[in-house]
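Following: one structure in structure tokens, then a few remarks.
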Amino acid sequence: MLGLDNAGKTTIVKRIMNEDVTTVSPTLGFIIKTIDFMGYKLNIWDVGGQKTLRSYWKNYFEKTDTLVWVVDATDRLRVNDCRHELAGLLLEERLTGASLLVFLNKTDVEHCMDEQEVRERLDLDSIKTHKWTILPCSAMTGTNLNEGLEWVVQDAKDRLFLY
């Protein structure tokens, strides 16, 4: 799970794990959580998004099936940075074959960007190298987080050979 700092990655992970979401601090480095979901074990890597940490992101891509990119729907000022960082990630060789789930977080906040605005500003429709979807969500309320995980599991089932 990647995205710019303050996008809500850790809050999403805490909500998924049924942990307290009122005590979240910036992630320096990474946190790994494992969840049983729909009969599958999902390893979720929550990686810090501060600018000083982004050059290390590529160290976390080994055996990645899905990149979950978290976008702060209230952060119009940094959406160009967000687009640039995502575009760079999708060029990474170790992410070849990985799918992309874009969680548009904080959509419960008034005057936030909607799905169409983010689609355009991140130029998502130009992504032809990865299967992708965008899903508005709220880490605070939990809205659409399970739906996102369902998409991840179904996508993996559709394209990976499972015994």
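What follows draws every value from the coordinates through simple rules; no lab data is involved. Here the structure is a predicted model, which is why all the values come from computation and not from measurement. When we count neighbours, we look across all protein chains shown, and the Cβ atoms used for this are built from the backbone with ideal geometry, even at glycine.
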Cα-only Debye scattering, segment 31-134: base-10 log of I(q)/I(0) at q = 0.10, 0.16 Å⁻¹
-0.29, -0.77
About the Cα centre of the chain, how large is the charge dipole given +1 on each Lys and Arg Cβ and -1 on each Asp and Glu Cβ? Please answer in debye to the nearest 20.
460 debye
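Which peptide among 1-12, 35-46, 130-141, 58-69 comes first, and what is the full order, when sorted by highest mean count of other Cβ atoms within 10 Å? Write down the numbers at each step before the final one.
Details: 1-12: 23.2, 35-46: 13.4, 130-141: 18.6, 58-69: 16.1.
The most tightly packed comes first, giving 1-12, 130-141, 58-69, 35-46.
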Under-17-angstrom lysine pairs by C-alpha in segment 9-140, whenever the two are 8 or more apart or on separate chains
10
Karplus couplings for segment 85-101 from phi (6.51 cos²θ - 1.76 cosθ + 1.60, θ = phi - 60°), rounded to Hz, Gly and Pro as x?
5, 5, 4, x, 4, 5, 8, 5, 4, 6, 9, 4, x, 7, 8, 10, 10
